[in-house]
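The values are calculated or read from the model by the stated rules, or taken from the named source; none is laboratory data. Just so we're clear, the structure is a prediction, and the values are computed from it rather than from any experiment. All Cβ positions, even for glycine, are placed from backbone atoms using ideal geometry, and neighbour counts span all protein chains on display.
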Amino acid sequence: MTLWKIRLVAFGLALVSAVAAIGGTIVLSVDGPDGHKYFDMGMLQEMPSVTIETETIWTDGEQVFTGVSLQELARHLGIENGAFEAVATNAYSVEIPMTDAVEGGALIAYERNGLAMTVRDKGPLWIVYPYDHNPRYRSEETYSRSIWQLEKLIVKP
Amino acid sequence: MPLNTEIRKWLAAPVGGVLVLLIISAVFLGRELLRQVDGLSTAEADNVQWNLSQGEVEHLRLEGAVNAVPQGGSLSEVRRRFDVFYSRIAIYQESHLYQGVRQDPVTGPLLRDIQASMDTLVPLIDGPDEILHKTVPKMQELLAEQATDVRRLLIAGIAVHTQETEVRRNALRLILVRLGWVLVFLVGALIAGANVLWLLNRRAKQLAKESAESAARMEAMVSSSLDAILMVDTEGFIRGFNGAAEAIFGYTQAEAIGRPMAELIIPEQFRTANKTGLPRFSNAAARPGTGKGRIRLQALHKTGRVFPVELSIKPSTSGGDTVFVSFLRDITEQLEAEEELRRARDDALAGEKAKANLLTVMSHEMRTPLNGVLGAINLLDDTGITKDQRRYLDAMRVSGDLLLNHVNDVLELSRLEAGITAEEVRVFDLAALVSGLGESQQASAARRGNQIQVDISLGREHHALGDPLQVQRVLLNLLGNALKFTRGGTITISVSRQGDLVEFSVADTGVGIESDDLERIFDEFITLDASYARQSEGTGLGLSISRRIVRAMGGEIGAESEPGEGSLFWFTVSLPAALPETERSSRPPALGDVGRRILIVEDNEINRLLLVKVLEKHGHEVTSACGGEESVQIVGGQRFDLILMDISMPGMDGIEAVSRIRRGRLAENTPIVALTAHAAAEDRQRILRAGFAEVLTKPVSQKDLATAIRDYTGTSHANADQTAEGIRAVFDGLGSDRAAYYLNRFQREYLMLRAGVNSGSSPDKALRAEAHRLAGSASILGLKPLQNCLAALEAADDSPVDVAALDAAWERAETVITAALEI
């Protein structure tokens, strides 16, 4: 009982401590080996950002995406191996290997054409790739990894 | 199957073209295929079906969230589900993957409807909770209705997409099929190419083999050639030297190759010529035609012996490298053989000539005594002999005449052989000549039971311009032959005219001639077979002489015959029709005017005696001398009107005697006429040059004598009269206009000739040729002294011209011409 309580308290503390650092709405939660991490838009925007210009098969015309590279995020989380399982609002999930978390690789975009993205507009987070710059990314596999309305990343060993 | 070059060329272009086309097609199709496969791998398509079905799922979730609101479900969940569904619809609207869906007549409107109804919900969703709460029932209704549309969109969308995929698949399939065909063709072409290569390779091997064989053969040919074969490069160094060359020049192959040719085998005196000559020579050799030529040169043996070679040389160029290939042969022996042959030929010719000369000399040596015999017979006739004696005398005369004929035949032949034809062209009565001839031979024909018929088809043109004596001679010859070989038959003499050409024929019904013999009857000394010989009498020269005469007149002669049926001999000569000489007086032959002082110089006693008797009989005052020396003495002391002098006399001959007389001015203005049996042209000219006025050939007829006496002893008037007769004949023959023109031209031409004659020097060739021509004209005009002077001029090739005699002759001729032109 006590143990359960202590555990509960510990969890609560941890949760509080984790959430306590967040000022705004959580847009991304990461389930890592060291527990959960949460990010609001501000935290993401504070991290070094990357902007890519590319067309996508879901949109019409050239798009400008700005966000945190998956590489940057992995570094931030101290993850070097394994893979992410990305989960979307509509419960769609897909596994993204760490090989995509490279320079010029996957990007967790939070801005499209200079504007924040709403859920209705596939936001607030959308994993995109520089499809136009690397033909390797114009594959069905990559398209399946280009998950929109991203809510959660689960780190897998 | 060896491919020949022609076929290979013919194949190369299309095969190459097809290959290139195939490769281009393959590359093009390959790229297209890559693009298509790339399209597949880059999944332009994403997962369209999944996306479409996801739309329905998300619609259901939205519906579920809305339906959950009355049971306490949260509105924020409704908003989330709405946004998710809305973003899905937005993708359908935006993405080019759904262009087909948007444009499809079924799915397009469906999509637009769904979008429109969603758009109507946006303000409610984005609005405050209370209002959204209130709209839930309405939303439930709308979504329930819309569920069917979404379902239809899904199904129809998938169909549209499947169709698109099908189209793309078909395109891909088509490309694959095409690529397949291209590959099939390409492989086929490669196999064909490999085959061709294999054939070419086989052919090349065969050629190489043949080439090796032919090289070996060539090597064998070169080494076994009997001719020396030398190959020399453009620098003059020997590059090839075969076995025969070793034998001919004495050097071994090893010694010769690489050495300069000039040093080795060309005699020293020719070396520089060869050095400069080689390029020129090679150029000449390269020209077509000259390359075939064989050249004779001198060559040098190793021992220093120079020997003649015959060689041919040809440049041979391969790959820009020129060598001169030369075939040489030692022709020392050949040249010796040629020289020997030439000597033999010259000897034979000289022998032939000596024989001919002997014959000629013999003939006229025979003629002089024969003349004496015949003359004596005539004189004997007048001396009152008995009947028996007269019979014997006649026999002697017949035999003598026959012998004289033979001798004359031989002399005539040698005369003709030397090319002299004393043409006496004048207007004569051709019809009378032919009929007279027939007439004269009637008696002799009758003796053999033959008849002579004369057939003259000349129309009214009885007269012709030509040499009647020659025509008569030929005709007589043919007639004589016909009579000889016919017994109890008919001989027909025909003459017909075709323009200027007159054809004569003599046809007989005699023994005829075998066709083999027809070929050679015109050759010399031909008397055919034994039976002929028995029947015939003669030298066999008759037809040969006839042919020569006819040819000299520019005519043709021929014969046709049928053995046992008879022969036909014909000849054609050009005898232009002319007007008859109406005024021509037919003087009876007389020995000219009487009482002339005449000196006879003749070594042969009988001939001298005969001449003296004959001339005395006609009232001339005759003195005689028996040799040249005596004549000179006599002339020195006495004056004569005419001197008749024999040429060949022992001691001082006629020519020497005349030279002395002329040099010593012993008989100024006395014409000296030569009597000679020498009938050849050169003799005649030699005699005229010596200072004789005229040459009479022995035996001299009484008529010739009379003419000579008249011509050379008459007064100047008589002279003019005589020569005018020739001119009159020309006027009669040509008509006065043309005759006058002819005379004027003759005058002009003579004066031009005279201008070129210098007394001091001998005339040149052109002048002599012109003199010959004018001499002919003078002869036609009857200007005898001028003709003689011109003939002397023609013959004077290295002696000065007797200008005084020429001028004197012209003066006389001019008087006659002027007189004729004035008439």
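Could you tell me whether B:PHE281 is modelled with pLDDT under 80, surrounded by 13 or more Cβ atoms within 10 Å (Cβ to Cβ), in a helix (DSSP H, G or I) and within 35 Å of the chain's Cα centre (by Cα)? So B:PHE281 passes the test. Selection of region B:239-249 for residues being closer than 13 Å to B:ALA299 by Cβ and either touching a helix residue (DSSP H, G or I) at 6+ places or on another chain (Cβ under 6 Å) or not assigned by TED's automatic domain parsing to the domain that holds B:GLU310 (or both) yields only B:PHE249. Of the helices (runs of 4 or more DSSP H) lying entirely inside region B:383-469, those carrying at least 2 residues that are at pLDDT 80 or above and more than 52 Å from the chain's Cα centre (by Cα) are B:387-417, B:442-447. When region B:306-365 is limited to residues that are of a type in the set (D, E, K, R) and within 18 Å of B:PHE249 (Cβ to Cβ), the one that is modelled with the highest pLDDT turns out to be B:GLU333.
Pull up region A:131-151, narrow it to residues that are within 16 Å of the chain's Cα centre (by Cα) and among the aromatic types (Phe, Trp, Tyr), then point me to the one that is surrounded by the most Cβ atoms within 10 Å (Cβ to Cβ).
First, the residues of region A:131-151 that are within 16 Å of the chain's Cα centre (by Cα): A:142-151.
Filter once more, keeping what is among the aromatic types (Phe, Trp, Tyr): A:143, A:148.
Working: A:TYR143: 21, A:TRP148: 25.
That would be A:TRP148.
Evaluate the following for B:ALA792: is it of a type in the set (Gly, Ala, Ser) and either in a loop (DSSP other than H, G, I, E, B) or at pLDDT below 80 (or both)? Spell out the reasoning first.
On the way: of a type in the set (Gly, Ala, Ser): yes; either in a loop (DSSP other than H, G, I, E, B) or at pLDDT below 80 (or both): no.
No; evaluated as a whole, the condition is false for this residue.
If I filter region A:63-75 for residues that are closer than 24 Å to B:GLN93 by Cβ and within 13 Å of another protein chain (Cβ to nearest Cβ), do I get at least one hit? Yes, the conditions are met somewhere in region A:63-75.
May I ask you to verify whether B:LEU475 is buried (at least 18 other Cβ atoms within 10 Å of the Cβ), not in a strand (DSSP E or B) and not polar (S, T, N, Q)? Spelling it out, B:LEU475 is indeed buried (at least 18 other Cβ atoms within 10 Å of the Cβ), not in a strand (DSSP E or B) and not polar (S, T, N, Q). Within region B:625-679, the residues that satisfy the criterion of being polar (S, T, N, Q) and part of a helix (DSSP H, G or I) are B:SER631, B:GLN633, B:SER659.
For region A:113-135, give me each residue that is facing chain B (nearest Cβ under 9 Å) and more than 15 Å from A:GLN63 (Cβ to Cβ). Matches in region A:113-135: A:THR118, A:VAL119, A:ARG120, A:PRO135.
On inspection, A:THR99 does not qualify as touching a Gly at 6+ places or on another chain (Cβ under 9 Å), among the hydroxyl-bearing types (Ser, Thr, Tyr) and modelled with pLDDT of 90 or more. Taken across region B:123-134, residues that are surrounded by 21 or more Cβ atoms within 10 Å (Cβ to Cβ), within 14 Å of chain A (Cβ to nearest Cβ) and in contact (Cβ under 8 Å) with a residue 12 or more places away in the chain do not occur at all. Consider B:ALA254 carefully, then state whether it is at pLDDT below 85 and assigned by TED's automatic domain parsing to the domain that holds B:GLY236. In short, no.
Given region B:545-608, what strands (runs of 3 or more DSSP E) lie entirely inside it while holding 3 or more residues that are at pLDDT 85 or above and of a type in the set (Phe, Trp, Tyr)?
On the way: elements: B:556-562, B:566-574, B:597-601.
Answer list for region B:545-608: B:566-574.
Of the residues A:ILE127, A:ILE154, the single one that is surrounded by 20 or more Cβ atoms within 10 Å (Cβ to Cβ) and of a type in the set (A, V, I, L, M) is A:ILE127.
Taking the criterion of being in contact with a His (Cβ under 8 Å, 6 or more places away or on another chain) and of a type in the set (Gly, Ala, Ser), no residue of region A:34-53 qualifies. For beta carbons closer than 9 Å, sequence separation of 6+ or different chains, a first residue in region B:199-211 that is at negative phi and a second that is at pLDDT below 90 and surrounded by fewer than 10 Cβ atoms within 10 Å (Cβ to Cβ), the qualifying pairs are B:LEU199/B:MET1. The residues of region A:80-112 that are among the aliphatic types (A, V, I, L, M), over 12 Å from the mean Cα position of the chain (by Cα) and more than 14 Å from chain B (Cβ to nearest Cβ), listed by number, are A:ALA83, A:MET98, A:VAL102.
Scanning region B:73-113 for residues that are within 21 Å of B:THR165 (Cα to Cα), aliphatic (A, V, I, L, M) and facing chain A (nearest Cβ under 9 Å) returns B:ILE91, B:LEU97.
Give region B:770-823 a look and list any residue that's among the acidic types (Asp, Glu) and within 24 Å of B:LEU734 (Cβ to Cβ), or say none.
Within region B:770-823, the first condition is being among the acidic types (Asp, Glu), and the residues that meet it are B:770, B:794, B:797-798, B:802, B:807, B:811, B:814, B:822.
B:GLU770, B:GLU814, B:GLU822, listed by residue number.
Can we say B:ALA625 is aliphatic (A, V, I, L, M), at pLDDT 85 or above and buried (at least 22 other Cβ atoms within 10 Å of the Cβ)? Against the criterion (aliphatic (A, V, I, L, M), at pLDDT 85 or above and buried (at least 22 other Cβ atoms within 10 Å of the Cβ)), B:ALA625 qualifies.
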